[in-house]
1. Just checking: which of the strands (runs of 3 or more DSSP E) contained wholly in the range 95-164 hold 1 or more residues that are touching a residue at least 12 places away in the same chain (Cβ under 8 Å) and among the hydroxyl-bearing types (S, T, Y)?
2. From the list A228, A216, exactly one residue is in contact (Cβ under 8 Å) with a residue 60 or more places away in the chain, more than 11 Å from the chain's Cα centre (by Cα) and under 20 Å from T49 (Cβ atoms). Which is it?
3. Among the residues in the range 184-199, are any touching a residue at least 24 places away in the same chain (Cβ under 8 Å), of a type in the set (V, I, T), within 21 Å of A96 (Cα to Cα) and touching a strand residue (DSSP E or B) at 6+ places or on another chain (Cβ under 7 Å)?
4. Only one of (1) at pLDDT below 95; (2) at negative phi is not met by A297, so which one is it?
5. Kindly indicate whether S191 is at pLDDT 95 or above, within 30 Å of V128 (Cβ to Cβ), under 15 Å from the mean Cα position of the chain (by Cα) and small (G, A, S).
6. Mind counting the residues in the range 245-280 that are over 20 Å from L29 (Cβ atoms) and either of a type outside the set (D, E, K, R) or touching an Asp or Glu at 6+ places or on another chain (Cβ under 8 Å) (or both)?
7. Applying the selection to the range 39-90, what residues are part of a helix (DSSP H, G or I), of a type in the set (A, V, I, L, M) and touching a Leu at 6+ places or on another chain (Cβ under 6 Å)?
8. As an exercise: evaluate T85 against (1) surrounded by 21 or more Cβ atoms within 10 Å (Cβ to Cβ); (2) not assigned by TED's automatic domain parsing to the domain that holds Q171 and give the number of the one condition it does not meet.
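The values are calculated or read from the model by the stated rules, or taken from the named source; none is laboratory data. It should be emphasised that the depicted structure is a prediction, and the values quoted were computed from it without experimental measurement. Please note: Cβ atoms are built from the backbone with ideal geometry, for glycine as well, and neighbour counts cover all protein chains shown.
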Amino acid sequence: MADARRTDPRVLERLHRIRGYIFDMDGTLVLGDKRNKGLKPLPGALAITRWLTARAVPWLLFTNGTTRTPHHYAQSLRDEGFAITDAQLMTPASSAADLFARRGYRRVLVLGGDGLSGPLHDAGIETVQPGDASHVDAVLIGWYPEFTMAALEAACHAIWDHGARVFSASQVMFFATAGGGRGMGTSRPISAMLRDLTRCRVEVVGKPSLYAVGSAARRLGVKLRDLAVVGDDPELEVPMAHRGRGCAIAVNTGLGNDAVYARLPEAQRPHLTVDGIDELLALLEGLAGAGAPGRVA
């Protein structure tokens, strides 16, 4: 990392104001396979989460994956040595449950599996599958490789016949996997089909939406502007941080790298770019050891 990035007083001042952290999972703290399994911590991942916990700085992980429930993701991470509670793991289904409860939605057609429906159940929201999609308030789209024409027709009728609103976990095409690979998401193509057939509006409830960062901020008890969002994707974590007026910290261990971030318009670039989480931890430890003013981390 260039020294200018390490010593820029604007970056240091930004770090001083951080009161909570939202970390991406895949490509930032861990790498797994295309179904978010076989998760392995990246260098510094275990250490930085322990360091923040020891300093009583609140943090959580927000993954756009909906293959599993937050509990199952958190358990997989605990198996790899992370000291993380279920409440510190969020998915688009978590922010969807928060939004739907606030809007008074009671019945939702889920285009996905237990990873999508679980947080809704926990919030007291009834979920239905495509075979029982009458009178629903919303359609929620997530990881659904088993998608069928029957599911497409059910979702269309929920929109046409009952005015259901449509929400998507994500609209990105790919996510980072082990070995430098990329997995293709399902939410975007399913959303495209629904839009084409019904002309519906599709709202994103996962990253990089304001719904996602707002829900995470409420869970952490931190104001949006006092958050840092740390991730590898120039289309997800970086814009989400900017939408919340927080601090965007990018890593080079996943989909993004210095060249990719540099091509972004200046106002949309990360406030700080590091090669990996271990480098971010070293920077924070150095600032704390130097007795920098304010709360570093």
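1. 126-128
2. Numbers: A216 fails: more than 11 Å from the chain's Cα centre (by Cα).
Result: A228 is the single residue among A228, A216 that is in contact (Cβ under 8 Å) with a residue 60 or more places away in the chain, more than 11 Å from the chain's Cα centre (by Cα) and under 20 Å from T49 (Cβ atoms).
3. Looking for residues that are touching a residue at least 24 places away in the same chain (Cβ under 8 Å), of a type in the set (V, I, T), within 21 Å of A96 (Cα to Cα) and touching a strand residue (DSSP E or B) at 6+ places or on another chain (Cβ under 7 Å), one finds at least one in the range 184-199, hence yes.
4. If we test A297 against (1) at pLDDT below 95; (2) at negative phi, just (2) comes out false.
5. Details: at pLDDT 95 or above: yes; within 30 Å of V128 (Cβ to Cβ): yes; under 15 Å from the mean Cα position of the chain (by Cα): no; small (G, A, S): yes.
The answer is no for S191.
6. 6
7. A45, A47, I48, A74
8. (1)
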